[in-house]
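Trainee: Let me begin by handing over the structure; questions about it come next.
The values are calculated or read from the model by the stated rules, or taken from the named source; none is laboratory data. No experiment lies behind these values; they were computed from the predicted model shown. Here Cβ is always computed from backbone atoms with ideal geometry, including for glycine, and neighbour counts include all displayed protein chains.
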Amino acid sequence: MLGPIFLAVVFDLFDTLVDFRTDLVPVVEINGKPERTTSFNAYEALREKDYTLPPYPDFHRLWIETSKEVWGERDRDPEHREVTSRERFRKFVLRLTDIQPGQCDAAAEIAMETHMERLIGSTEFDSARLGMLARIRDAGIKIGLVSNFDNTSAANRLLTRTGIAPYLEATLISGEVGYRKPASRLYLQAAKLLGVEPRRVLFVGDNFEADVSGPQSVGMPCAWLNPKGAAPPGEAVPPDFEIKSLSEIHGILKLDASQ
């Protein structure tokens, strides 16, 4: 029996097409302990612009507290609505009481952009994946991307720098769309943009809830990228395919070596 015929493939971004490297995040010492964070880079960027700031340990504490608060509220939202990085950084800067109200938006922008540049700079991209994307495109299969990332501009810069962008016919970033995976609307919107029925789209990603359970909710087949062989959570429905490497996608799509 022949497997499903896919007319499109939609990829996740981080730890699927592009690998996030925690070891590339800057290290600072906070209260005598090393910690990986971009907060010191933001602190220095604001100081260079002559903003009045608290001592760095207090700055970092407010940085962490704000992120935990925002992300906690976001993750408890049953609708899976996104909170943009601009909203998050404005909330953070408002807690820096020495910054004047009229300066908050500009200060938030500096902190956010500094953080985002260091964040996307802490990624690694295997250029061989461009060959994979080329083979898929050359076989007449459309390519899309859906990513949970709260800063669309930074995501697009990363897609451009890696060379991924030209292969994409549909790109949905949560910071722009306003919703995060596993919100069903994202998978349906991706399929609509690609002009393909959900059942003819293969979704590929590493996060079980976002990249397996989410697509399953709209009848979209999925390939779970699971390089470490982790067990599926609880009583979850298993993915249609499980792969250890993106190189296995060609086999699922039944692409001949000659393509």
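Trainee: Which residue pairs have Cβ atoms closer than 8 Å, lie 6 or more positions apart in sequence or on different chains, and pair a first residue in the stretch 22-41 that is surrounded by 13 or more Cβ atoms within 10 Å (Cβ to Cβ) with a second residue that is assigned to a helix (DSSP H, G or I) and basic (Lys, Arg)?
Mentor: Val25/Arg118; Pro26/Arg118; Thr38/Arg118; Asn41/Arg118
Trainee: Is it true that some residue in the stretch 207-217 is farther than 21 Å from Leu133 by Cβ, over 18 Å from the mean Cα position of the chain (by Cα) and in a helix (DSSP H, G or I)?
Mentor: Yes: the stretch 207-217 contains one or more residues that are farther than 21 Å from Leu133 by Cβ, over 18 Å from the mean Cα position of the chain (by Cα) and in a helix (DSSP H, G or I).
Trainee: Which condition does Asp77 not pass, out of (1) assigned by TED's automatic domain parsing to the domain that holds Ser39; (2) farther than 27 Å from Leu188 by Cβ, if it passes all the others?
Mentor: (2)
Trainee: List the number of the failed condition for Met220; all other conditions in (1) crowded, with 22+ Cβ neighbours inside 10 Å; (2) part of a helix (DSSP H, G or I) hold.
Mentor: Every listed condition holds for Met220 apart from (2).
Trainee: In addition: Of all residues in the stretch 72-111, how many are assigned to a helix (DSSP H, G or I), under 25 Å from Arg36 (Cα atoms), in contact with a helix residue (DSSP H, G or I) (Cβ under 8 Å, 6 or more places away or on another chain) and not hydroxyl-bearing (Ser, Thr, Tyr)?
Mentor: Here the count works out to 14.
Trainee: On the given criteria, is Ala155 modelled with pLDDT of 95 or more and either in contact with an Asp or Glu (Cβ under 6 Å, 6 or more places away or on another chain) or closer than 21 Å to Phe6 by Cα (or both)?
Mentor: no
Trainee: Then there is this: I want to confirm something. Restricting to the stretch 235-248 and keeping residues that are outside any loop (DSSP other than H, G, I, E, B) and within 20 Å of the chain's Cα centre (by Cα), which single residue is nearest to Gly131 (Cα to Cα)?
Mentor: Filtering first and then ranking leaves Leu246.
Trainee: On the basis of being outside any helix (DSSP H, G or I), closer than 19 Å to Ala210 by Cβ and β-branched (Val, Ile, Thr), does Val9 make the cut?
Mentor: It is true that Val9 is outside any helix (DSSP H, G or I), closer than 19 Å to Ala210 by Cβ and β-branched (Val, Ile, Thr).
Trainee: Can you work out which of the residues in the stretch 45-88 that are of a type outside the set (A, V, I, L, M, F, W, C), over 18 Å from the mean Cα position of the chain (by Cα) and surrounded by 18 or more Cβ atoms within 10 Å (Cβ to Cβ) is nearest to Ala154 (Cα to Cα)?
Mentor: By that ranking, first place goes to Thr66.
Trainee: Further question on the same structure: If Gly178 passes every condition in (1) of a type in the set (Gly, Ala, Ser); (2) touching a helix residue (DSSP H, G or I) at 6+ places or on another chain (Cβ under 8 Å); (3) touching a residue at least 40 places away in the same chain (Cβ under 8 Å) but one, which one does it miss?
Mentor: If we test Gly178 against (1) of a type in the set (Gly, Ala, Ser); (2) touching a helix residue (DSSP H, G or I) at 6+ places or on another chain (Cβ under 8 Å); (3) touching a residue at least 40 places away in the same chain (Cβ under 8 Å), just (2) comes out false.
Trainee: Go through the stretch 29-44 and give me each residue that's more than 23 Å from the chain's Cα centre (by Cα) and not in a loop (DSSP other than H, G, I, E, B).
Mentor: Correct list: Glu29, Ile30, Lys33, Pro34, Tyr43, Glu44.
Trainee: Taking the condition of being in a loop (DSSP other than H, G, I, E, B) and within 8 Å of the chain's Cα centre (by Cα), how many residues in the stretch 137-149 meet it?
Mentor: Residues flagged as in a loop (DSSP other than H, G, I, E, B) and within 8 Å of the chain's Cα centre (by Cα) within the stretch 137-149 amount to 2.
Trainee: Further question on the same structure: Taking Ala107 and the conditions (1) within 28 Å of Asn41 (Cα to Cα); (2) over 17 Å from the mean Cα position of the chain (by Cα); (3) of a type in the set (A, V, I, L, M, F, W, C); (4) in the same structural domain as Val212 (by TED's automatic domain parsing), which numbered condition does it fall short on, given that it satisfies the others?
Mentor: (4)
Trainee: Within the stretch 129-145, which residues are of a type in the set (A, V, I, L, M, F, W, C), in contact (Cβ under 8 Å) with a residue 40 or more places away in the chain and under 19 Å from Ser245 (Cα atoms)?
Mentor: Met132, Ile136, Ile143, Leu145
Trainee: Related question: Say we look at the stretch 135-170 and pick out the residues that are of a type in the set (Ser, Thr, Tyr) and surrounded by fewer than 21 Cβ atoms within 10 Å (Cβ to Cβ); which of these is nearest to Thr114 (Cα to Cα)?
Mentor: Ser153
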